[in-house]
1. Just to be sure I understand the filter: pairs with C-beta atoms under 8 Å, separated by 6 or more residues or on different chains, first member in the stretch 74-87 and in contact (Cβ under 8 Å) with a residue 12 or more places away in the chain and farther than 11 Å from Thr54 by Cα, second member among the aliphatic types (A, V, I, L, M) and surrounded by 11 or more Cβ atoms within 10 Å (Cβ to Cβ). Which pairs pass?
2. Could you please find all residues in the stretch 35-61 being under 19 Å from Lys21 (Cβ atoms), of a type in the set (Asp, Glu) and over 12 Å from the mean Cα position of the chain (by Cα)?
3. Could you go through the stretch 95-114 and let me know if any residue there is more than 26 Å from Asp7 (Cα to Cα) and aliphatic (A, V, I, L, M).
4. Please state which one of Lys121, Lys131, Lys84, Lys111 is within 12 Å of the chain's Cα centre (by Cα) and either surrounded by 15 or more Cβ atoms within 10 Å (Cβ to Cβ) or assigned to a loop (DSSP other than H, G, I, E, B) (or both).
5. Condition test on Glu35, is it surrounded by fewer than 15 Cβ atoms within 10 Å (Cβ to Cβ) and either within 22 Å of Tyr130 (Cα to Cα) or modelled with pLDDT of 90 or more (or both)?
6. For Glu74, state whether it is at pLDDT below 95 and exposed (fewer than 14 other Cβ atoms within 10 Å of the Cβ).
7. Among the listed residues Val10, Val87, which satisfies the condition of being touching an Asp or Glu at 6+ places or on another chain (Cβ under 8 Å) and either under 17 Å from Thr113 (Cβ atoms) or of a type outside the set (Ser, Thr, Tyr) (or both)?
8. Could you give every pair whose Cβ atoms fall below 9 Å, whose first residue belongs to the stretch 33-62 and is under 16 Å from Thr101 (Cα atoms) and touching a residue at least 12 places away in the same chain (Cβ under 8 Å), and whose second residue is in a helix (DSSP H, G or I) and of a type in the set (S, T, N, Q), counting only separations of at least 6 or pairs across chains?
Amino acid sequence: MYAVFDDSLVTGNEMIDGQHKELIEKIASLEEACETNQDKATAVKLLNYLADYTDFHFAEEEKLQEEIAYPGIEEHKAKHAEFKKAVEELHEMLEEDEGPTDAFVAQLNEKVTDWLFHHIKGFDRSVAEYKNMRKNSEIL
């Protein structure tokens with residue numbers, strides 16, 4: 001089963017949710033490429049796109065957090081750096097092997113898919129809640 005965006009991942013921020021959907025679709029494409037034993041070049045291309053899109057997405061999230069003066073921004077940035085490191089490690093695995101191995105797929109599931117789902121449901125949702133609380137407190 002491939003990564004799928006569902007209601008449990010909705011943060012309520014339209015821009016961020018749209019970007020999360022895109023990220024998860026790219027992860028699913030990479031998972032599918034690994035499962036169908038496509039060549040190393042295909043996996044590298046998909047992983048490169050995922051890395052580039054992640055950089056864009058994390059920059060957008062961090063910009064939003066700065067705009068709303070989110071108090072947990074430094075911890076959030078550290079989590080983003082953790083994810084980027086995991087993607088770099090996956091690149092290294094692909095370079096060392098003939099293509100996406102079972103070990104690569106296991107790391108992809110643990111360090112990318114599972115990590116991202118947990119991050120969205122925890123860290124990203126807390127940013128959205130903070131933004132909404134802040135907006136609502138200004139109305140009162």
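The values are calculated or read from the model by the stated rules, or taken from the named source; none is laboratory data. Because the structure is a prediction, the values reported are computed rather than measured. Backbone-built Cβ (ideal geometry, glycine too); neighbour counts: all protein chains shown.
1. His76/Val127; Ala86/Val112
2. Glu60
3. Yes.
4. Details: Lys121 fails: either surrounded by 15 or more Cβ atoms within 10 Å (Cβ to Cβ) or assigned to a loop (DSSP other than H, G, I, E, B) (or both); Lys131 fails: within 12 Å of the chain's Cα centre (by Cα); Lys84 fails: either surrounded by 15 or more Cβ atoms within 10 Å (Cβ to Cβ) or assigned to a loop (DSSP other than H, G, I, E, B) (or both).
The match here is Lys111.
5. When the stated conditions are applied, Glu35 does not pass them.
6. Criteria not met by Glu74.
7. Val10
8. Ala33/Thr42; Leu46/Ser29
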